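One structure below.
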Amino acid sequence: MNAEARRSRSTEAFFGRRHGKTMSPYQAASLETGLEKHRLDLAQAAPADLRQLFPVPVADVRMEIGFGGGEHLHHIASLHPDTGFIGVEPFVNGMARLMTSLAEKPLANLRVYDDDATRVLDWLPEASLSGIDLLYPDPWPKKKHWKRRFVSEANLDRFARVLKRGAKFRFASDIDTYVNWTLLHCRAHKAFEWQASEAGDWHEPYEGWIRTRYEAKAVREGRRPAYMTFVRV
């Protein structure tokens, strides 16, 4: 992508740190080896049938955007070996943690991308995903930064294009303003329908959920997580 195209996407793309603490030699080696094996090549055209991305038979394909250290993604991919998963995480240390987990417990139904998720969304064929998870994204709490939040009209349009009808967009956060922001944006978008009959529904974790370190910290600090589900109509 050239510089001009990158600037034109600046309000829709990734903001934030890409590097953290220095990795151990083992983590660095796991990252290099893991990316060679699992990284998507966006220079190649996406297959019309995304199941072809995986070396094992899968029934459908789901995506997790911003998987942090990969605890949830590795867990859910282990629970569902018949589903293919695409995980996107630009933060190098988070990707290294997932690649280290994969070195210790390999999974064939997992592909990754270590850059901006909008590039993957634009690369995917229409109606190719059975689900998208956006779990604890950066909340950008200052109002002047809200335009950087990943949930936006432009990105919901992207979700609507790649999700099959009946597929689910799941959003989890412990930040009330981002929860309200997401609810308002999704309810204003004609492609999504909120799946909740009462307020308590969105405080129940998803089936198969595991509590990540980030969520445990939020709960300790008194922030109540919300788990929202929107169906592609």
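Brief remarks follow.
Residue-wise test of (1) in contact with a strand residue (DSSP E or B) (Cβ under 9 Å, 6 or more places away or on another chain); (2) open to solvent by 10 Å² or more (accessible area, probe 1.4 Å); (3) of a type in the set (D, E, K, R); (4) modelled with pLDDT of 95 or more.
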residue	(1), (2), (3), (4)
85	yes, no, no, yes
91	no, yes, no, no
113	yes, yes, no, yes
119	yes, yes, yes, yes
150	yes, yes, no, yes
154	no, yes, no, yes
159	yes, no, no, yes
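- Checked against the criteria, residue 187 does not count as open to solvent by 30 Å² or more (accessible area, probe 1.4 Å) and either touching a Leu at 6+ places or on another chain (Cβ under 7 Å) or under 20 Å from residue 63 (Cα atoms) (or both).
- Residue 182 satisfies every condition listed in (1) at pLDDT below 95; (2) part of a helix (DSSP H, G or I); (3) open to solvent by less than 40 Å² (accessible area, probe 1.4 Å); (4) over 19 Å from residue 76 (Cα atoms) except (1).
- Residues that are open to solvent by 60 Å² or more (accessible area, probe 1.4 Å), within 28 Å of residue 151 (Cβ to Cβ) and within 17 Å of the chain's Cα centre (by Cα) are absent from the range 68-75.
- Residues that are in contact (Cβ under 8 Å) with a residue 40 or more places away in the chain and surrounded by fewer than 22 Cβ atoms within 10 Å (Cβ to Cβ) within the range 51-64 comprise 53, 54, 55, 56, 58, 60, listed in sequence order.
The values are calculated or read from the model by the stated rules, or taken from the named source; none is laboratory data. Just so it is clear, the structure is predicted and the values come from calculations on it, not from any experiment. Note: ideal-geometry Cβ built from the backbone for every residue, glycine included; neighbour counts use all protein chains shown. Each accessible area value is taken on the protein alone, full model and side chains, heavy atoms only, with ligands, DNA and RNA left out. Shrake-Rupley method; radii C 1.70, N 1.55, O 1.52, S 1.80 Å.
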